[in-house]
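Input: a single structure, listed below in structure tokens.
The values are calculated or read from the model by the stated rules, or taken from the named source; none is laboratory data. All values derive from a computational prediction rather than experimental measurement. Note that we place each Cβ from the backbone using ideal geometry, even for glycine, and neighbour counts take in every protein chain shown.
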Amino acid sequence: MTGPVLDIEDLTVGFRTAAGWNEVVTGLSMSVGRGETLALVGESGSGKTVTAMAVMRLLPAAGARIGGRVWFDGGDLLTLRRRELDAVRGGALAMIFQEPMTSLNPAFTVGEQIAEAIRRHRGLGRREAWREAIAAMDSVGIAHARHRAAAYPHEFSGGMRQRVMIAMAISCRPRLLIADEPTTALDVTIQAQILELLRDLQETTGMAMIFVTHDLGVVAEIADTVAVMYAGGVVERAPVTELFARPRHPYTAGLLRSVPSGAKRGLYSIPGSPPKPGDFPPGCRFAPRCEFAEPGCSGVLPVLETAGNGHDVGCLRAGELDLRPEGMAHV
Amino acid sequence: MSDPALELDGVSVEFRQGRRRLRAVSDVSLRLERRHTLAVVGESGSGKSTLARAATGLVPLSSGTVRLLGREFRRPRRDQRRHIQLVFQDPYSSLDPSSVVRSSLAEPLIVHERLSKQDRNKRIAELLRDVGLPADAADRYPHEFSGGQRQRIAIARAIATRPDVLVLDEAVSALDVSTQNQILELLADLRREHGLAYVFISHNLGVVRWIADETVVMYMGHVVETGPAERVHVSPAHPYTQALISAMPVPDPAARRGARPLLKGEPPDQFEVHRGCVFAGRCPIAEELCHTTPPPRVDVAGGGAAVCHKVSNHEGGTA
């Protein structure tokens, strides 16, 4: 049981457009271990959701071209046949999304939907599966689970629907849960409850988690390791405390500075806006917005190199820059 | 000129669903001074967006009054409407995708100002410059712009009639942080240069702390706390405000939630009628009294007030 639960090697995703293939994820490698939470953080268009969808094989075969390897349970998810894939997805490999209403079938009770997953992946009979569904709902904090199992998705609030999705995901004892912005559509008080629930479940089950988010506050709350994505690639990866205390990529440092903190001090904004897929600049993709860029930066796309303390960074100038947040320069 | 920019007095808004009545906004009074920013914060169902619509005359009031620059309106007349404008969360759905930016910006100018075509185009160029867009943006379509740029266009359109009040309903919520900050800076600049006052509706307390002078916290249609933005953020008095602030994820792994209390449960059914405090069902310190009697409005040290039975003997902040 050593080694990573999921190991992504050199993942590349391209989408077909009228003008040809647009590469939206480029040479991404990362892994997540048992009981570990990897936060995949980035702004819209950075490729974080596409990465999650590619791992789950949820991208349309006709419109997307996927390269690289995604090792899970001894096999490469990218080469699995349909039937093998069906056995894995929703079982050992589960995913939850931002908007639970669109992932639930409005015509069936939530109990039926959870029980269906259990029958399919764990081979239990109808009655047993129903009992397990109720137990799963109970374990995610849905009160009166026996009674609520017979209710339809529209009878639940947004937070409760997300609990239903989590119940369905964990009912088949996944080894990896991919959570794509699962709390973004929820109110903060409900978000806090769901984050705590996910942390508790992870502690008791030891499942690994990839948590996709744009919110650095949420990252700080839940992650063990953080991978920062920009324009289709990981630019920096580090243990969570290390990343917040000593960001080494100018983009990460800029994101951290952008969080409004304190009262009426100046707000920091990274100048410009991220490039669109198909329009990535040559060399380092952040260079045109980077205050530390040098002529050499637009020459080659930097690869991740280790900088000690489990910290990897893809920046030509990483070795010479001190990007620690204000007030932490001497920590 | 001593009239406030906007004043709401005892405003309620009710919706009907069959025989049931839903009180989305319940007896809200507030005052926005000229050139100030008043933030309205709350979670979904708090009534903050309905309040925005009531203040701009987009939904009828069931009771109460709205005064804009000292003049009361129930349904704003055309000459009043130009003084108060709304900006929504998603600029993509508030801009006509089949019109170039020029015609979106021309519309309010045609309705409210009698300008020659030449003057109108001059004004459009001015507006684009004000919001930091290039002049050639006028001849492009909304889909050619990024989310942040589209929000700039929506803001340009809102200030086209030279209003005194802008109501910003989650205007930066859909944007990525780096873009969000650019728009916040733009709003601060426009407020200064054009003498605007803002009603800033948001669920993001960090942003509110930065932009607002005063904060109003709403829960289930009721105002539960008001006060100077910094005071409300640093020493919230109402148990709901305290819960809201402690639930905010902090971008610092060292401050990770350990023993920080979580607010249990979810907001009640909106049709439910409360005899006492609307928050009593989820409140960690509620007593019998809170469930039976409407709470009083209690002044809070540092400015503002909280509507709570327990605040007087429960000092704001950390107690």
message = Condition first: in contact (Cβ under 8 Å) with a residue 60 or more places away in the chain, assigned to a strand (DSSP E or B) and either out of contact with any strand residue (DSSP E or B) (no Cβ under 9 Å at 6 or more places or on another chain) or farther than 25 Å from B:SER2 by Cβ (or both). Can you find one or more residues in the range B:241-255 that meet it?
response = no
inquiry  = Can you tell me how many residues within the range B:122-161 are in contact (Cβ under 8 Å) with a residue 60 or more places away in the chain and either within 14 Å of chain A (Cβ to nearest Cβ) or among the polar types (S, T, N, Q) (or both)?
reply    = 2
task = Considering each residue of the range B:70-89, count those that are in contact with an Asp or Glu (Cβ under 7 Å, 6 or more places away or on another chain), assigned to a loop (DSSP other than H, G, I, E, B) and closer than 30 Å to B:GLN180 by Cβ, and give that number.
result = 3
message = For B:THR179, only one of the following conditions fails: (1) surrounded by 24 or more Cβ atoms within 10 Å (Cβ to Cβ); (2) at pLDDT below 95; (3) closer than 28 Å to B:ILE285 by Cα. What is its number?
response = (3)
note = Every listed condition ((1) farther than 17 Å from B:LEU166 by Cβ; (2) under 16 Å from the mean Cα position of the chain (by Cα); (3) not assigned by TED's automatic domain parsing to the domain that holds B:TRP210) holds for B:PHE88 save (1)
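Is at least one residue of the range B:162-175 away from chain A (no Cβ under 14 Å) and more than 16 Å from the chain's Cα centre (by Cα)?
Yes: one or more hits.
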ask   = Are any residues in the range B:212-258 more than 12 Å from chain A (Cβ to nearest Cβ) and surrounded by fewer than 20 Cβ atoms within 10 Å (Cβ to Cβ), and if so, which ones?
value = B:SER235
ask   = Inside the range B:277-304, can you point out the residues that are more than 13 Å from chain A (Cβ to nearest Cβ) and either in a helix (DSSP H, G or I) or within 19 Å of B:VAL25 (Cβ to Cβ) (or both)?
value = B:CYS277, B:VAL278, B:GLU288, B:LEU289, B:CYS290, B:HIS291, B:THR292, B:PRO294, B:PRO295, B:ARG297
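Which residue out of A:GLY68, A:GLY91, A:GLY45, A:GLY27 is of a type outside the set (A, V, I, L, M) and at pLDDT 95 or above?
None of the others qualify; the one that does is A:GLY68.
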ask   = Are any of the residues in the range A:33-42 over 23 Å from A:PRO274 (Cα atoms), among the β-branched types (Val, Ile, Thr) and either within 14 Å of another protein chain (Cβ to nearest Cβ) or assigned to a strand (DSSP E or B) (or both)?
value = yes
message = Which condition from (1) within 24 Å of B:THR50 (Cβ to Cβ); (2) surrounded by fewer than 22 Cβ atoms within 10 Å (Cβ to Cβ); (3) within 11 Å of chain A (Cβ to nearest Cβ) is the one that B:PHE271 breaks?
response = (3)
Whichever residue in the range A:71-88 is of a type in the set (D, E, K, R) and not in a loop (DSSP other than H, G, I, E, B) and, among such residues, is modelled with the highest pLDDT = A:ASP76
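Per-residue answers, yes or no, for (1) out of contact with any Lys or Arg (no Cβ under 9 Å at 6 or more places or on another chain); (2) surrounded by fewer than 21 Cβ atoms within 10 Å (Cβ to Cβ); (3) outside any loop (DSSP other than H, G, I, E, B); (4) not assigned by TED's automatic domain parsing to the domain that holds B:TYR198:
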{"residue": "B:ARG67", "(1), (2), (3), (4)": "yes, yes, yes, no"}
{"residue": "B:GLU107", "(1), (2), (3), (4)": "no, yes, yes, yes"}
{"residue": "B:ASP119", "(1), (2), (3), (4)": "yes, yes, yes, yes"}
{"residue": "B:LYS122", "(1), (2), (3), (4)": "yes, yes, yes, yes"}
{"residue": "B:ALA125", "(1), (2), (3), (4)": "yes, yes, yes, yes"}
{"residue": "B:ASP136", "(1), (2), (3), (4)": "yes, yes, yes, yes"}
{"residue": "B:GLY148", "(1), (2), (3), (4)": "yes, no, yes, yes"}
{"residue": "B:GLN151", "(1), (2), (3), (4)": "yes, no, yes, yes"}
message = Return the residues of the range A:142-167 that are farther than 20 Å from A:ALA185 by Cα and either crowded, with 21+ Cβ neighbours inside 10 Å or among the acidic types (Asp, Glu) (or both); say none if nothing qualifies.
response = A:ALA149
request  = Working carefully through the options A:GLY232, A:GLY254, A:GLY206, find the one that is crowded, with 20+ Cβ neighbours inside 10 Å and more than 12 Å from every other protein chain (Cβ to nearest Cβ).
outcome  = A:GLY232
message = Condition check: crowded, with 17+ Cβ neighbours inside 10 Å and in the same structural domain as B:VAL224 (by TED's automatic domain parsing). Does B:SER62 satisfy that?
response = no
message = Among the listed residues A:THR12, A:THR51, identify the single one that is in a strand (DSSP E or B) and polar (S, T, N, Q).
response = A:THR12
Candidate set: the range B:188-203, residues that are more than 14 Å from the chain's Cα centre (by Cα) and at negative phi; chosen: the one nearest to the other protein chains (Cβ to nearest Cβ) = B:ALA188
